[in-house]
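This report concerns only the one structure given below.
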């Protein structure tokens, strides 16, 4: 069982909490996954506790952890040279017509190889989202909200299907 954490806590258990709540669309914004238990996370924890009949104190102890969905590991870190289905899913999301209006779409083959075209498209997505355009897909990228201000609350991680397919 993870440690008891609350406002001011830092570390991997806080990242775990941020991912769990973000994946359930219960933490806004849906990132970045910083490992810092800040006021926005405290508000989300209190909302979760309230809606689940728990003591509303913003502290994540055994009772709150037990009510949270099962933890899944972080989505993978993908960078130039990475290969596999995760890269292909990312390429497919960046190639989709729905995202082409947001940033320059990925124009290459969906081949599961993180090469120059994939990196350029990923940097475009990151720039559009206002995060560091590193060309590396990690927590900050996975929790970019693709449709901000709409009812469709979809993160890059969700669009890629990592919570269904990889974890």
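The values are calculated or read from the model by the stated rules, or taken from the named source; none is laboratory data. Because the structure is a prediction, the values reported are computed rather than measured. No Cβ is skipped: glycine too gets one built from the backbone with ideal geometry, and neighbour counts run over all protein chains shown.
Counting only residues that are surrounded by 18 or more Cβ atoms within 10 Å (Cβ to Cβ) and within 15 Å of residue 161 (Cα to Cα), region 55-75 holds 1 of them.
Across region 95-117, the qualifying residues are those that are farther than 29 Å from residue 12 by Cα and buried (at least 19 other Cβ atoms within 10 Å of the Cβ), and the one among them that is farthest from the chain's Cα centre (by Cα) is 106.
For region 122-152, residues that are modelled with pLDDT of 90 or more, surrounded by fewer than 19 Cβ atoms within 10 Å (Cβ to Cβ) and in a loop (DSSP other than H, G, I, E, B) total 5. What pairs come up if the first residue lies in region 124-135 and is in the same structural domain as residue 94 (by TED's automatic domain parsing), the second is modelled with pLDDT under 90 and crowded, with 20+ Cβ neighbours inside 10 Å, and their beta carbons are under 6 Å apart, counting only those six or more places apart or on different chains? Qualifying pairs under 6 Å: 129/144.
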